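Inspection log for the structure reproduced underneath, given as structure tokens.
The values are calculated or read from the model by the stated rules, or taken from the named source; none is laboratory data. What you see is a predicted model, and the numbers here were worked out from it, not measured in a lab. So basically every Cβ, Gly included, is an ideal-geometry build from the backbone, and we count neighbours across all protein chains shown. The area values use the complete protein model at the heavy-atom level, side chains included, leaving out ligands, DNA and RNA. Shrake-Rupley method; radii C 1.70, N 1.55, O 1.52, S 1.80 Å.
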Amino acid sequence: MADLFLGSPFRRFLWGPTVLREWQGSSVGALDWVETPSSHLLKFNVPGYGKDQIKIQLEEDNVLSIRGEGFGGKEEQLPKDSVWHVSERGKGEFARQIVLPESFRADQIKAQVENGVLTIVLPKEPAPAKPKTRAIPVSSKL
């Protein structure tokens with residue numbers, strides 16, 4: 001039934017390996033990706049996570065790996081005889097892998113976490129200079 005509404009081309013777009021390789025969790029790790037003239041700007045929801053709980057790595061083939069470890073919020077102290085009925089807030093871990101475009105400066109990537117949002121800035125490589133129009137002389141011998 002899902003193929004009827006989300007046929008193969010749509011499924012590949014939504015869950016294809018070019019954008020998304022792995023995602024575990026609920027809204028934690030949700031992504032906004034904006035391209036500006038000078039950079040790519042990635043924003044992730046990471047509520048309750050601090051800078052020491054988030055690991056970012058640039059892997060082979062321009063794959064950016066983001067992991068959050070440790071519980072996103074502080075657990076309240078409950079009495080020993082407490083009984084859990086529902087636990088939907090997750091296990092405190094998330095992971096995302098994103099294939100990045102070719103034209104960015106890997107040595108200038110910056111990341112910051114503030115107010116539950118992880119922001120990663122990927123500065124773009126400057127566009128190559130366009131060659132100027134010039135006349136090429138033609139001769140009879142090279």
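The set of residues in region 119-129 being among the hydrophobic types (A, V, I, L, M, F, W, C) and part of a loop (DSSP other than H, G, I, E, B) consists of Ala127, Ala129. Annotation for region 19-33: no member residue is open to solvent by less than 80 Å² (accessible area, probe 1.4 Å), at pLDDT 90 or above and either out of contact with any Phe, Trp or Tyr (no Cβ under 6 Å at 6 or more places or on another chain) or among the basic types (Lys, Arg) (or both). Annotation note: of Gln77, Gln108, Gln97, the sole residue that is in contact with a strand residue (DSSP E or B) (Cβ under 6 Å, 6 or more places away or on another chain) and free of Cβ contacts under 8 Å to residues at least 40 places away in the same chain is Gln108. Screening region 119-142 for residues that are of a type in the set (D, E, K, R) and touching a residue at least 12 places away in the same chain (Cβ under 8 Å) and picking the one that is least open to solvent (accessible area, probe 1.4 Å) gives Lys124.
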